[in-house]
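These notes concern the structure reproduced below.
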Amino acid sequence: MIPNPKIFTIVFAAAVLLFIWSCVRRFSLVTIGKPEDRFDNFPARIRDTFVYAFAQKRVLQKAFGLNHFILFWSFMVLLLANTEFVLKGLHHSITFMALPALIHNPLYFLFDLVSLFALICVIVAGIRRIVAPPYPEAITADAYFILGMIAGLMIAYFNLHGVEIAIGEVTATMPISAAVGRMFYADVTPEAAHSLIRFWWWLHALIFLVFLNYLPYSKHMHILSSIPNCYFRRFEKANTLPVETFVKGGKFGVESIDQFTWKDLFDSYSCTECGRCQMVCPAANTGKPLNPRQVIHDLKVNLLTNGPVMKAGGKPTLPLIGNNGEGSITEDQIWSCTSCGACMEVCPVFIEQMPKILQLRRSLVEMKAHFPEELLNLFENMEQRSNPWGIAPTERTKWCSQLNVKPFDNTCEYLLYVGCAGAFDARNKQVTVALATILDAAGVSWGILGKEEMCCGDSLRRLGNEFVFDRMAKENVKLWKEKGVKKIITLCPHCFSTLKNDYRQYGFDGEVIHHADLINGLLASGKLRLKKTVNMGNIVFHDSCYLGRHNDIYESPRSVIGKATGKAPTEMDRNRSDSFCCGAGGGRMWMEEHLGTRINLARVDEALTKRPDTVCVTCPYCMTMFDDGLKDKNADKVAVKDIAEIVAEGLR
């Protein structure tokens, strides 16, 4: 009763060839990107593919992830069922029914049950998009067409086997199909049954082949690319950027789609458009034009538009940066990023959104000198006086004018890298004094560079001014090597991350430690003993993006607070890797928020729901943003303290 194998062979061959042609045509476009080595460490890549692609570790971290997990594994099981379906269509004798009953009965029972799971998941997904979509744009014809085809496959499957069971042609244990057979085909005649079998068989075949060929042209292209994207994922944190080689006439940053690497381009094919990135993005959450999901979508559109032309040696027709609609990324989007890394932390297929945006900034700054006007003073101050405010270097030691602080020499174990905020900002000078007090109390051997200290350049690099950052990094590393610096303490997570990660690219291999880790170690070892238990009321702790997400330091500051106060801090609703940015990262510290609402106010509102007496931070940027936000909210009674200040209080 199955149609003529010759007819199906022709239809199947045509569909497969069309599918292969579509895949080759689309995936070959990534070859216009720059080379990048993502082929190292084969065992670890295989391991992570199983953990993240097949076990769906990140998918399951969100509430609706279970539905996707069940649907994914239903598809994996049904690949075997559909393989039998196709082979049987090509040659009638190829069927699992030819296997012993002890084998084929459990198989068909599994296929039947899994088909039901898949149908339920599709229905749940469809209802969710109507009742509670992850984001408004998720309600699309494309999404419902895909869901409809999956549901159609399951319905055709149940009806096909239901008819076969009703007329006794199939005796396998298939409870769902059998129930369908009893409900709809109990009294069907043999002639009608044969026609119904042919109808449902062909309907299943056509839906399957149409679905296959639709994939490369829909957002569900990720079905083909997400598993490889997990395999090619970056092992280390995406907390740094590639070094540029500055040559006359060179191109810097990314201005056109072919200046990205092949992996960047492959990312655009792998986006599931689940919306998780935009749900955690501080810019998207406060009315800014930036939407990480949309940025990746625009990269894909730009690649599909320009890729064929550029692959043939032509010039792009759709600008990558500009107000040109779909396929272009606006400057407002590019400058809205705080580089907090939240988008990368939640992406189930390891798309790297943030580094792409920062590469676009490089092009605007270095190739076009096109950046927000308010950054002009910052860039000039950095070039001329190596700090954001343009204050004379001789002022770097004013914070310690009342202290006996030693200049760093070869007798010092640690260099205290004070940083610009710690040296010049009035509020953050108090944190530097507190840390100095702690170091002396613990008997740590340390010194400072004083007026010789230069900015680390974090904001420059994240704002796209790689040329000045490059010069600054080289000068810093040269100075430290001359001084014999082996260990560095930082107060600022941005300094910490830059010195620890970015400066490796410039040959610095010393130890870099944030004061949260250092103080925690001193307290744990007994080298630092507090004279009293500190009472600052209800302490609510805020995770810095550059300490937490970018460098995985979560427990040390909490441990320090616990040791100093005798109790764990109160957690915000969004904490640790889910922490919400204060709004100052990515160079945004030096820019006003002209679009949407202020990010720091959103975070302050969240903190205030916990009724804090003190908000505790580990970052000078966070300190400033919370201080300003609490004043704007008329919450002046709430104190903002760094963990060093809390510990120093216990030494009095």
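In table form, for the structure just shown:
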| item | result |
| --- | --- |
| Residue ID - surrounded by the fewest Cβ atoms within 10 Å (Cβ to Cβ), chosen from residues in region 231-285 that are among the basic types (Lys, Arg) and over 28 Å from Ile599 (Cα atoms) | Lys248 |
| Residue check, Glu380 surrounded by fewer than 14 Cβ atoms within 10 Å (Cβ to Cβ), charged (D, E, K, R) and not in a helix (DSSP H, G or I) | no |
| Segments classed as helices (runs of 4 or more DSSP H), wholly inside region 240-304, with at least 3 members that are closer than 26 Å to Cys582 by Cα | 276-280, 282-285 |
| Contacts under 8 angstrom Cβ, first residue in region 12-25 being closer than 12 Å to Leu215 by Cβ and in the same structural domain as Pro308 (by TED's automatic domain parsing), partner of a type in the set (Gly, Ala, Ser) and in a helix (DSSP H, G or I), 6 or more apart | none |
| So Val640, is it in contact (Cβ under 8 Å) with a residue 12 or more places away in the chain, under 27 Å from Cys456 (Cα atoms), in contact with a Leu (Cβ under 9 Å, 6 or more places away or on another chain) and among the β-branched types (Val, Ile, Thr) | yes |
| Tally, over region 31-76, of residues that are farther than 30 Å from Tyr135 by Cα, part of a helix (DSSP H, G or I) and free of Cβ contacts under 8 Å to residues at least 40 places away in the same chain | 3 |
| Sole residue being at negative phi, out of contact with any Pro (no Cβ under 8 Å at 6 or more places or on another chain) and outside the structural domain of Thr490 (by TED's automatic domain parsing), chosen from Arg396, Arg361 | Arg361 |
| Count - residues of region 609-649 that are part of a strand (DSSP E or B) and not acidic (Asp, Glu) | 7 |
| Whichever residue in region 1-57 is among the polar types (S, T, N, Q) and surrounded by fewer than 15 Cβ atoms within 10 Å (Cβ to Cβ) and, among such residues, is farthest from Ala312 (Cα to Cα) | Asn4 |
| Only listed residue being assigned to a loop (DSSP other than H, G, I, E, B) and among the β-branched types (Val, Ile, Thr), chosen from Val444, Val433, Val468 | Val444 |
| Any chance Ser218 is buried (at least 17 other Cβ atoms within 10 Å of the Cβ) and either under 25 Å from Thr49 (Cα atoms) or touching a Lys or Arg at 6+ places or on another chain (Cβ under 6 Å) (or both) | no |
| Unmet requirement for Ser225, which otherwise passes all of (1) in a loop (DSSP other than H, G, I, E, B); (2) under 30 Å from Met344 (Cβ atoms); (3) not charged (D, E, K, R) | (1) |
| Matching residues, region 186-197, being in a helix (DSSP H, G or I) and exposed (fewer than 15 other Cβ atoms within 10 Å of the Cβ) | Pro190, Glu191, Ala192, Ser195 |
| Flag for Arg362 being under 29 Å from Ala284 (Cβ atoms), in contact (Cβ under 8 Å) with a residue 24 or more places away in the chain, in a helix (DSSP H, G or I) and of a type outside the set (Gly, Ala, Ser) | yes |
| Candidates Gly457, Gly422, Gly443 - the one that is on the phi > 0 side of the Ramachandran plot, surrounded by 16 or more Cβ atoms within 10 Å (Cβ to Cβ) and not assigned by TED's automatic domain parsing to the domain that holds Gly341 | Gly457 |
| Leu113 being surrounded by 18 or more Cβ atoms within 10 Å (Cβ to Cβ) and part of a helix (DSSP H, G or I) | no |
| Residues satisfying the stated conditions in region 537-584, i.e. closer than 15 Å to Ala644 by Cβ, basic (Lys, Arg) and out of contact with any Phe, Trp or Tyr (no Cβ under 9 Å at 6 or more places or on another chain) | Lys563 |
| Residue that is of a type outside the set (D, E, K, R) and assigned by TED's automatic domain parsing to the domain that holds Cys495, where the choices are Met354, Met382, Met344 | Met382 |
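The values are calculated or read from the model by the stated rules, or taken from the named source; none is laboratory data. All values derive from a computational prediction rather than experimental measurement. Positions of Cβ are generated from backbone atoms using ideal geometry, with glycine treated the same way; all protein chains shown enter the neighbour counts.
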